[in-house]
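Readers should treat all values here as calculations from the given coordinates under stated rules, not as data from a laboratory. None of these values were measured; they are calculated from a predicted model. All Cβ positions, glycine included, derive from the backbone under ideal geometry; neighbour counts span all protein chains shown.
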């Protein structure tokens, strides 16, 4: 047994003896971030309980959201108010329900459920909950590798010649987990997609579109601006939410889609609900007011979490700056750092971390079917722990990764 | 033309000249009722934003609801906490999503969508939004007449010999629109149903289970208490909400089901959401505290709306107490009065009302496919207008009904 590994085990056992319970698993805001939005709970924001057009927000009515909420997201997403529907507390539910609607009623063709062997393209690494929706509905998932500008568009163009390929699910800005923002070139390629399937949809999850870590931010591209020119706007189902702006689970979510898609979705919604929580909508609209309000608020979030990203990056750099076999992202926004350990080492690293009291997102979670073909990707979520915990947790992660690598090379 | 009709037209024209805009169409609480719950918006109720088990309600987590909310509904529905899931703002959405789940994944057998010609039994008159869900999913609806104790159970027993009959959707207490509460005998008959279909479900919409109009209330029967004895608890999907307790659209909703059904629903929910709005859940639990809190609150609602029911009933009585061809209900709770005009007269009555500025629920709405076979049922929703408006609107309704009857008999 080599002495380097021995001394790492010694370190590892010291960590174990600390009986730690640290968590870098989920993209949850920390307490200080939650406190930033407490003002939204002030009932004075609700005035006389009327929205700007006089609608009583405490009673039934308004299927698609109060107008000030639609306007707020119209500014954020650069989409006309008429193309926005405000939903409940989770864009995940919007995506689930949309795909469920496609399964039962189709997307302009036969119900997806009645078509054998349908498939979706999944840029990888990606978001585990996206993959869970597709797996739940029995939709086959195909990995599409990401490069620094976004997914491999040549590969996508090739796959969509197959009319069984019904869509793509992706995060175009500060992607989960690698923080990549699609370049204008990639946006143009998406806008000019020519799928064989008549019922093809791109689930465009803009979860992090205002979630910059500093003033040095990536540029937001409005996909509809590009798609309109190509006549492909019906392909795009954009969603967003305030989950990581106000409160996760107690915010509002929105869908932005073409006129034709608005009609199709509303037809279903009319049956599914009388309307979503307008009191919470008014709270959000009155608190944030407009895009400037959102931007100012997101700067406060950035002030809280940028140091957390920095400490993880510093630590990774301290351990692995000399090594070619470790790679990680340095995102300008979003909630994650994507960390690639040497091939075949991710599972073992996460397992060792767990033994040492550090919970990470399961290795493989960033791939469809939890199958990371190289067993190398680990998603780091730095926002929830405090700085000291995070520093220690990342140190432990680095030691565990080194152990896993040495064990493998023995 | 008979002189009685002439003098009624004269009255009618006087009403028309008043340019009224009165609405007895939807079961919406009035403003004074909404004001009863304003205290729920006080942020002090949220304390340190922790639920009783220490869960941070402003962050992600808790799929099935905070425990104090489950306990509140456990007391209301007399069902163990473990059999309750707290959802978002609408029990309508719970029902839609449940049926959608059955369509795609089935209810213990093949997906409903893959079975040709499936059917549901619908006690009539009933709730238009129930029928809309079934129609939306292409499930054939069969009318089951109601009598004073509930639906015709002999007819139900007969129909469920057909394994294409997959369920019943009903409101067991203060039914919409006739206010009938199922008798213990009917509850027993439901509990001992022996459907041929292995994937049969009863959607048990207990929307009005605490919505008594006075101390002279109907008795609440917990269907699971009876079904457990017969081994049929898996058949029942019970839902309820605070829509007409706190705020419509901004309340919480719950599902109460057997252990097996809890598992099946959670399996889907895990993919559909991270969790519902726990801040709103805590608000509700902290404000109402327990069943006694709910009861005290519902007495305040009753004080607001009982006089409204009374004025409608007095007016109907004034016009039609001597006539056998007009019938109406005198419910002890709920939100509606069901009014039967002579056969073939409901549509014309509603049309005349509209001309005179009184909006009613569309004639036929209380039947599947909007087809009232006798064209006689009209649903009156007395809660939203104020007393004066309501008196006038009911007078107009009575005059219009008389006109419709005379026109028909000409």
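Counting only other chains, what is the mean number of Cβ atoms within 10 angstrom of the Cβ of each residue in peptide A:300-306?
0
Derived from the Cα gyration tensor, the three semi-axes of the equivalent ellipsoid of region A:23-70 are 30, 15, 8 Å, largest first.
For region A:244-376, the alpha carbon convex hull comes to 196 Å³ per residue, rounded to a whole number. Take each residue in A:246-254, count the other chain C-beta atoms within 10 Å of its C-beta, and the mean is 6. Taking every DSSP helix (H) stretch of at least 4 residues in chain A, weighting each as -39,500 (n - 2.57) and dividing the sum by the residue count yields a mean residue ellipticity at 222 nm of -13000 deg cm²/dmol. Shown for residue B:162: label points 7 Å from Cα along the beta-carbon vector, and their distances to the equivalent points in the other copies, 4.2 nm in ascending order. Across every pair of non-identical alpha carbons in region A:126-247, the mean reciprocal distance, once inverted, gives a Kirkwood radius of 15.0 Å.
Ellipsoid semi-axes for region B:4-159, based on the Cα gyration tensor and the rule √(5λ), read 38, 31, 16 Å when sorted largest first. Placing pseudo-labels 7 Å out from each Cα toward the beta carbon at residue B:391 and residue A:19 gives an inter-label distance of 7.4 nm. With respect to chain B, whose longest principal axis is taken over its alpha-carbon atoms, helix B:259-272 is tilted by about 90°.
Angle of helix B:278-288 to the longest C-alpha principal axis of chain B, folded into 0 to 90 degrees and rounded to 10: 70°.
Please quote Rg/Rh for region B:298-410 to two decimal places, taking the Kirkwood radius as Rh and restricting both calculations to Cα atoms. It would help to have the intermediate numbers written out before the result.
On the way: Rg = 13.6 Å, Rh = 14.2 Å.
Answer for region B:298-410: 0.96.
With no solvent and one equal point scatterer placed on each C-alpha of region A:278-341, evaluate the Debye formula and give log10 I(q)/I(0) for q = 0.22 Å⁻¹, two decimals. Evaluating at q = 0.22 Å⁻¹ gives log10 I(q)/I(0) of -0.90. Cβ crowding within 10 Å ranks B:211, A:284, A:370 as A:370, B:211, A:284, fewest other Cβ atoms first.
Can you give the FRET efficiency to the nearest 0.05 for residue B:196 and residue A:3, using r as the Cβ-Cβ distance and R₀ = 60 Å?
On the way: r = 73 Å, r/R0 = 1.22.
That pair, residue B:196 with residue A:3, gives E of 0.25.
Between residue A:53 and residue A:82, the C-beta separation translates, for a Förster distance of 22 Å, into a calculated FRET efficiency of about 0.90. Its alpha carbons considered, region B:344-410 gives a radius of gyration followed by a Dmax of 11.9, 36 Å. Remark: spin-label model distance residue A:370-residue B:163 equals 3.5 nm, labels positioned 7 Å along the Cα→Cβ axis. Counting, for every residue in A:56-66, the Cβ atoms of other protein chains within 10 Å of its Cβ and taking the mean gives 5. Here the translational diffusion coefficient of region B:168-233 follows from Stokes-Einstein with Rh set to the Kirkwood radius across Cα pairs; for 20 °C and 1.002 mPa s it amounts to 169 µm²/s.
Tell me the relative contact order for region B:1-132 as a rounded percent, counting alpha carbon contacts under 8 Å between residues six or more apart. Once divided by the residue count of region B:1-132, the mean separation gives 9 percent.
Taking the mean number of other Cβ atoms within 10 Å as a proxy for protection, how do you rank A:239-246, A:12-19 from highest to lowest? Before the final figure, lay out each step's value.
On the way: A:239-246: 25.0, A:12-19: 13.5.
With the highest mean Cβ count within 10 Å placed first, the list reads A:239-246, A:12-19.
Computed from Cα positions, the angle between helix A:67-77 and the longest principal axis of chain A comes to roughly 50 degrees. Over chain B, all Cα pairs binned in 20 Å intervals from 0 give whole-percent P(r) values of 26, 54, 19, 1, listed from short to long. Take every pair of alpha-carbon atoms less than 8 Å apart whose residues are at least six positions apart; their mean separation over the length of region B:63-117 yields a relative contact order of 22 percent.
So, R0 is 25 Å and r is the distance between the beta-carbons of residue A:299 and residue A:222; what FRET efficiency does that work out to, to 0.05? Each step should come with its number before you reach the end.
Working: r = 22 Å, r/R0 = 0.87.
Computed FRET efficiency for residue A:299 and residue A:222 comes out at 0.70.
Between copies, the label points at residue B:196 (set 7 angstrom from Cα along Cα-to-Cβ) are spaced 4.3 nm, reported in nanometres from shortest to longest. Placing one equal scatterer on every Cα of the protein assembly as shown and applying the Debye formula, the log10 ratio I(q)/I(0) at q = 0.08 Å⁻¹ is -0.74.
Counting alpha carbon pairs within less than 8 Å and at least 6 residues apart, what relative contact order, in whole percent, applies to chain B?
On the way: 779 pairs, mean separation 107.7, N = 410.
After rounding, I find 26 percent.
Sorted from shortest to longest, the distances between the residue A:108 label points of this copy and the other copies are 4.1 nm, with each point 7 Å from Cα along the line through the beta carbon.
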